[in-house]
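A.B. asks: This is the structure, below, for whatever I ask next.
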Amino acid sequence: MTNQTTTTLSAAEVLSAAKRFFTGREAIQPAWIEAESETHVSFATFRSNVLVSAFPDPEQEGMTRVRASTLRDEAAVGKFLTYLSRAS
């Protein structure tokens, strides 16, 4: 399942927020970073993997498009997008 949104945060800010959300002290479930680049970060959890990507939105100047996907842990993705909307 893939969810998508846009934000005023930069791609770097989105990926930093994802790292805090999934691996920080207040993480709702333990996760670790499997891979990352300038546009994505991939997390492994006990039950699934979560991928977050962020890049300039080609249709809206000044906006960042965010995609978060997982095969099993859909609740975590929804909670992350809610967290992200509050951060922006």
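A.B. asks: Checking T6 against (1) surrounded by 17 or more Cβ atoms within 10 Å (Cβ to Cβ); (2) touching a residue at least 24 places away in the same chain (Cβ under 8 Å); (3) assigned to a strand (DSSP E or B), only one condition comes out false. Which one?
C.D. replies: (1)
A.B. asks: Do we have any residue at all in the stretch 42-51 that's touching a residue at least 40 places away in the same chain (Cβ under 8 Å) and surrounded by 15 or more Cβ atoms within 10 Å (Cβ to Cβ)?
C.D. replies: no
A.B. asks: Do we find that V14 is part of a strand (DSSP E or B) and of a type in the set (A, V, I, L, M) in this structure? Can you show your working first?
C.D. replies: Numbers: part of a strand (DSSP E or B): no; of a type in the set (A, V, I, L, M): yes.
No.
A.B. asks: When you go through (1) farther than 18 Å from A87 by Cβ; (2) acidic (D, E); (3) at pLDDT below 90 one by one for E26, which number turns out not to apply?
C.D. replies: E26 satisfies every listed condition except (1).
A.B. asks: Consider Y83 against the criteria (1) assigned to a helix (DSSP H, G or I); (2) surrounded by 19 or more Cβ atoms within 10 Å (Cβ to Cβ); (3) of a type in the set (F, W, Y): it satisfies all of them except one. Which criterion is unmet?
C.D. replies: So Y83 meets the others, but not (2).
A.B. asks: I'd like to verify a number: residues in the stretch 21-49 that are within 17 Å of A75 (Cα to Cα) and within 12 Å of the chain's Cα centre (by Cα), how many?
C.D. replies: 6
A.B. asks: Separate question: Just the residues that are exposed (fewer than 15 other Cβ atoms within 10 Å of the Cβ) and either part of a strand (DSSP E or B) or under 12 Å from the mean Cα position of the chain (by Cα) (or both), please, taken from the stretch 52-64.
C.D. replies: Selection gives F55, P56.
A.B. asks: Report, ordered by the first and then the second residue, all pairs with beta carbons closer than 9 Å, sequence separation of six or more or different chains, a first member in the stretch 23-39 that is outside any strand (DSSP E or B), and a second member that is small (G, A, S) and exposed (fewer than 12 other Cβ atoms within 10 Å of the Cβ).
C.D. replies: Partner pairs satisfying both residue conditions: I28/A75.
A.B. asks: Does R25 qualify as being touching a Lys or Arg at 6+ places or on another chain (Cβ under 9 Å), surrounded by fewer than 14 Cβ atoms within 10 Å (Cβ to Cβ) and of a type in the set (K, R)? So that I can check it myself, show each step before the final result.
C.D. replies: Numbers: touching a Lys or Arg at 6+ places or on another chain (Cβ under 9 Å): no; surrounded by fewer than 14 Cβ atoms within 10 Å (Cβ to Cβ): yes; of a type in the set (K, R): yes.
Spelling it out, it is not the case that R25 is touching a Lys or Arg at 6+ places or on another chain (Cβ under 9 Å), surrounded by fewer than 14 Cβ atoms within 10 Å (Cβ to Cβ) and of a type in the set (K, R).
A.B. asks: Only one residue in R47, R72 is in contact with an Asp or Glu (Cβ under 7 Å, 6 or more places away or on another chain), outside any strand (DSSP E or B) and among the basic types (K, R), so which one is that?
C.D. replies: Going through R47, R72 in turn, the sole match is R47.
A.B. asks: Hey, among R20, R67, which residue is out of contact with any strand residue (DSSP E or B) (no Cβ under 9 Å at 6 or more places or on another chain) and surrounded by 13 or more Cβ atoms within 10 Å (Cβ to Cβ)?
C.D. replies: R20
The values are calculated or read from the model by the stated rules, or taken from the named source; none is laboratory data. Note that the structure is predicted; figures quoted are calculated from it, not measured. A quick note on method: Cβ atoms are made from the backbone with ideal geometry, for glycine too, and the neighbour counts reach across all protein chains shown.
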